[in-house]
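Some notes on the structure that comes next.
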Amino acid sequence: MSEIRAFIAFDFSEEIYKTLDKITIDLKNQLSGLPVRWVPVYNIHLTIKFLGDITHSEFVNLKKLLFETSKNIPPIDISLFGSGVFPSYQRPRVIWIGLKSPPILEEFYNKLEEGSAVLGFEREKRKFSPHITIGRVARKADKREVLEIGGKLETIQLGLLGNDCLSQVHIYQSNLKPDGPEYNKLYTSNLSKENSIQI
């Protein structure tokens with residue numbers, strides 16, 4: 001196995017994916033004609049750690065880390081709630097759906113950060129802020145378009161969008177292609193269980 005581009009993430013239930021698809025379609029209609037790149041619903045995840053390019057030996061160590069970290073964490077109940085942008089509505093770059101979760105999700109994140117740092121991976125500098133990226137403002141967008149996108153998104157009020165339970169966490173391979181990234185599951189670990197699923 002040569003170096004691969006990888007990340008660690010949770011998936012969602014089919015019901016949540018259907019909800020995200022509907023929301024994305026609604027937002028596309030509201031922002032029609034504006035330069036936004038929407039994430040295909042099948043590429044949406046709750047990313048916990050972006051790893052970059054990893055070697056086979058690093059992949060083996062990451063599998064062990066993920067297994068050890070997840071086996072003592074119970075399944076995590078979450079709620080999707082509201083929407084927003086990073087970094088601000090005056091300069092929107094990332095369009096996201098909010099995620100409410102118990103402290104155990106941040107505990108899992110912190111343990112994974114600590115363990116991956118020991119393996120030589122760089123720590124995330126930003127504070128943990130769980131969210132679901134559904135779109136990105138295109139780099140070609142001019143100032144007027146950026147302000148128009150931010151202005152329209154700021155008026156949108158989304159309440160509770162659905163509930164889910166995170167019970168499996170995955171190592172994904174990311175293949176960058178001309179028409180967008182393609183993701184493949186390489187390894188899956190079950191929360192609070194002593195077995196894992198190799199794919």
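A dipole drawn for region 14-53 from +1 and -1 charges on Cβ atoms has a positive end, and of LEU34, PHE50, LEU20 the residue lying farthest that way is LEU34.
What is the angle, in °, between the Cα long axis of helix 14-30 and the longest principal axis of the Cα atoms in the chain? Nearest 10 is fine, range 0 to 90. The angle comes out at about 30 degrees. Within straight-line reach of LYS18, meaning a Cα separation under 20 Å, sit the following lysines at least 8 residues removed in sequence or on another chain: LYS28, LYS100. Of the cross-linked pairs LYS63/LYS185; LYS71/LYS185; LYS143/LYS177, those separated by over 22 Å at the C-alpha level are LYS143/LYS177. Do you know the relative contact order of region 36-175, to the nearest whole percent, from alpha carbon pairs under 8 angstrom that are 6+ apart? Relative contact order here is 37 percent. Between the labelled values (i) -0.55, -0.99; (ii) -0.63, -1.08; (iii) -0.49, -0.96, the entry that holds log10 I(q)/I(0) by the Debye sum over Cα atoms at q = 0.11, 0.15 Å⁻¹ as derived from this structure is (i). Taking 0.36 nm per residue of sequence separation and removing the Cα-Cα distance, the PHE81/LYS64 pair yields an extension gain of 2.8 nm.
Using only side-chain charges placed at the Cβ, +1 for Lys and Arg and -1 for Asp and Glu, the dipole size of region 76-145 relative to its Cα centre rounds to 580 debye.
For region 73-199, what is the charge dipole size about the Cα centre, in debye to the nearest 20, if Lys and Arg each add +1 at the Cβ and Asp and Glu each add -1 at the Cβ? Show your work: numbers first, answer last.
Values: 17 positive and 15 negative charges, 110 e Å.
About 520 debye.
What order do you get for 91-101, 107-117 when each peptide is scored by the mean count of other beta carbon atoms within 10 Å, highest first?
Result, highest mean Cβ count within 10 Å first: 91-101, 107-117.
Just so you know, all these numbers are worked out from the coordinates, no wet-lab data involved. Only a predicted model underlies this, so the values are computations on that prediction, with no experimental measurement involved. Note that we place each Cβ from the backbone using ideal geometry, even for glycine, and neighbour counts take in every protein chain shown.
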